[in-house]
Structure formats: structure tokens, C-alpha cells
Amino acid sequence: MTTLRGRFEQTAADGQKTTGDVWLVRPGRMRFQYDKPSPLLLVANDGKVVFRDSQLDQTTEIPLERTPLSLLLGAHISLSGDVTVTSFRHENGIIQIAAVRTASPGEGTLVMAFDEQSLVLRGWVVVDAQGRQTQVTLSQLVSGGSASPDLFVLPKGD
């Protein structure tokens with residue numbers, strides 16, 4: 001899988017749910033366009049993850065390599081070497097693989113969920129360095145095709 005688009009539902013650590021559109025182009029690019037009235041936008045590109053909250057007029061930039069998302073957005077998803085698998089579960093038609101960056105396991109965990117038949121990515125859970133979990137469930141997925149480079153222009157602060 002190199003290109004994917006669809007819908008997402010995100011459940012934050014505090015239980016708040018948001019929805020929106022997602023685009024993922026490997027390697028290294030992702031866009032979470034949150035539905036209104038949410039003021040949020042998340043874009044990954046150029047080795048960075050930029051989170052924009054237009055309501056607070058706040059932009060946060062983090063190196064992609066310092067986030068668990070780097071495990072998902074790499075040129076090749078590998079489950080060895082730079083990545084350590086910390087758990088594997090297979091139940092109810094879903095395969096779940098939890099992984100950390102081998103060199104910095106304390107920076108967070110990514111738990112990827114795949115459909116057991118098609119191996120299509122169905123979502124993930126990011127566990128950050130403080131142990132807070134954010135769950136993303138994907139739906140209405142379309143793989144392949146192309147995505148406009150404009151989708152991945154990093155947002156700037158106002």
C-alpha cells in the first residue's frame with residue numbers, strides 16, 4: 001500500500017471523538033482533515049508532523065521520526081531492525097501488531113490493526129510517551145490512485 005484515502009474516527013485519550021478525511025501516501029505523507037466544527041488539521045510531510053489548531057491559533061511541529069507514525073509512514077514497513085514488535089494478537093478477524101522504534105521505545109507505541117483476509121489497514125492506536133492513547137478507525141477506504149501534492153503542504157501559524 002502506497003496511497004490510501006478514506007474517512008477516520010479518532011478517539012482521544014479523554015474519550016472525545018472527532019471525524020474527518022484522511023489521506024496517506026507512503027513514504028512520509030499523511031493528512032487528517034477534521035470535520036467542522038473541529039479547528040484541527042494534522043499534516044505529515046518533509047520529515048515533520050505539523051498539528052494546527054486554528055481556534056487557538058497554535059501550530060505544533062514535531063520531527064516525524066520522534067512519533068510512532070513514522071513506523072506507519074516509512075518507505076517500507078518493517079517489523080524488525082529499527083522496529084521492535086512488542087505484541088501480536090489475532091482475534092475476531094483482526095490482526096493487531098504493536099511496535100516501537102528499537103532505538104527509542106519510550107517515545108511511544110503504534111498498534112496497527114489489519115483485516116485478516118485482505119491485510120488492509122483498518123486503523124491504529126498511538127500510545128504516546130506519557131501513556132495516553134489515541135485510537136484511529138478507518139472506513140470507506142480507497143487504495144491506489146494519486147493524491148494532490150497540495151494536500152501535504154505543511155500548515156503555518158497565522
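Only the coordinates and a few stated rules stand behind these numbers; no lab work does. Keep in mind that this is a model prediction, so the values were computed, not measured. Ideal geometry is used to build each Cβ from the backbone, glycine not excepted, and the neighbour counts take in all protein chains shown.
Miscellaneous remarks
- Translational diffusion of the stretch 25-158, µm² s⁻¹ [Kirkwood Rh, Cα pairs; Stokes-Einstein; 10 °C; 1.306 mPa s]: 100
- Sparsely packed loop sites in the stretch 49-135 (the trypsin sites (Lys or Arg not before Pro) outside DSSP H, G, I, E and B with at most 15 other Cβ atoms within 10 Å) comprise R132.
- Long-range HN-HN contacts of V49 with modeled amide H, under 5 Å: I62, L64
- Sum of -39500 (n - 2.57) over DSSP H runs of 4+, divided by residues of the chain (222 nm, nearest 500): -500 deg cm²/dmol
- Percent of alpha-carbon pairs separated by more than 13 Å within the stretch 88-129: 53
- 13 Å cut-off, amide nitrogen to a point 7 angstrom out along S87 Cα→Cβ, residues in the stretch 115-136: 125-127, 133
- Per DSSP, loop GluC sites (Glu not before Pro) in the stretch 62-158 with at most 16 further Cβ within 10 Å: E116
- The stretch 51-150 - percent relative contact order, Cα under 8 Å, separation 6 or more: 16
- The Cα atoms of the stretch 103-158 cover 45, 35, 22 Å along the three principal axes, with the biggest extent listed first.
- Sites L56 and L151 - FRET efficiency at Förster radius 25 Å, r taken between beta-carbons, to 0.05: 0.65
- Assigned charges on the beta-carbon of Lys, Arg, Asp, Glu; the chain dipole about Cα centre (debye): 180
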